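The values are calculated or read from the model by the stated rules, or taken from the named source; none is laboratory data. Bear in mind the structure is a predicted one, so any value in this text is a computation, not a measurement. Cβ: placed from backbone, ideal geometry, glycine included. Neighbour counts: every protein chain shown. The protein model used for the area step is the full one, side chains on, heavy atoms only, and it has no ligands, DNA or RNA in it. Shrake-Rupley method; radii C 1.70, N 1.55, O 1.52, S 1.80 Å.
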Amino acid sequence: MITPSLASRPFLNTRPVWLMTIAAGGIALIMIVLNLRFFLITNRAVEDEIATRDALEEQYSELGTAARQEIAILNRVPWRSLEARVNATNLVLQEHAFSWLQMLDDIERVMPYDVRLTRITPSVSPEGVMLAFEVVARNRDAMLGFIDNLVEDPRFDDPTLGSERTPEDSSTGTYVLTMRVKYLASEGAS
């Protein structure tokens, strides 16, 4: 036999739905609290980074201003005339550092016995020391020996002959030779 239902409406078991809703609401509430906590912690870190960035931007601005001021000061310096003065000073220092004794010793070392030096003119420049010679010799072989010695010696470079007079052309009856050679004072020291 079937017992008739006396309820005015049918019974629906909504307990599981309510339990799931409460559980989902609790989880959502926990997630909201965790998200809020994470936001606050991250926000503090971001505020610190923003403060650091602002300080760096201010420092960058100050350095930029200081650099522009320094550039303005440097632009007022007369660089071309300063460079010319420095070059002139360096040339004077090179002239003072030039050793006549060392040069004469080096010339004596390469000069054969039969050759005599009658005139020497050194000229100091930023490129080095150029020597202008006038030498006399009784024979042509001694003159050629002198030129060979200059070519072989490491202290002399690029000998250039100027003029040569033979005994027939000169009033002294000797060979007379004028020449230029680059003197490398600091190289090839013995």
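For segment 45-179, the alpha-carbon radius of gyration amounts to 2.13 times the rule-of-thumb value 2.2 N^0.38 Å expected for a compact globular protein. Packing, as the average of other Cβ atoms within 10 Å across residues, places the peptides 97-108, 129-140 in the order 129-140, 97-108, highest first. Taking packing as the residue-averaged number of other Cβ atoms within 10 angstrom, the listed peptides 171-179, 151-159 run from highest to lowest as 171-179, 151-159. Surface composition of the chain: carbon plus sulfur atoms contribute 61% of the solvent-accessible area (1.4 Å probe, protein chains only, all chains present).
FRET efficiency for the ALA132 to THR89 pair, using the beta carbon distance and R₀ = 22 Å, is estimated at 0.30.
Computed extension gain for VAL77 through ARG116, at 0.36 nm per residue and net of the alpha carbon distance, reaches 8.8 nm.
Using C-alpha pairs below 8 Å separated by at least 6 residues, the relative contact order for the chain is 15 percent.
Annotation: extensible slack from MET31 through THR3 equals 5.2 nm (criterion: 0.36 nm per residue apart, minus Cα-Cα distance). Rounded, prolate or oblate: pick one for segment 18-91, where a ≥ b ≥ c are the square roots of the eigenvalues of its C-alpha gyration tensor, a/c under 1.5 means rounded, and failing that, prolate if a/b is larger than b/c, else oblate. Prolate, since a/c reaches 1.5 and a/b exceeds b/c.
Once the 1.4 Å probe is applied to the protein heavy atoms, the chain comes out at 79 Å² accessible per residue. Rounded to the nearest 20, the size of the Cβ-charge dipole of segment 87-190 about its Cα centre is 240 debye, with Lys and Arg at +1 and Asp and Glu at -1. Based on DSSP H segments of at least four residues, each scored -39500 (n - 2.57), the chain has a per-residue ellipticity at 222 nm of -19500 deg cm²/dmol.
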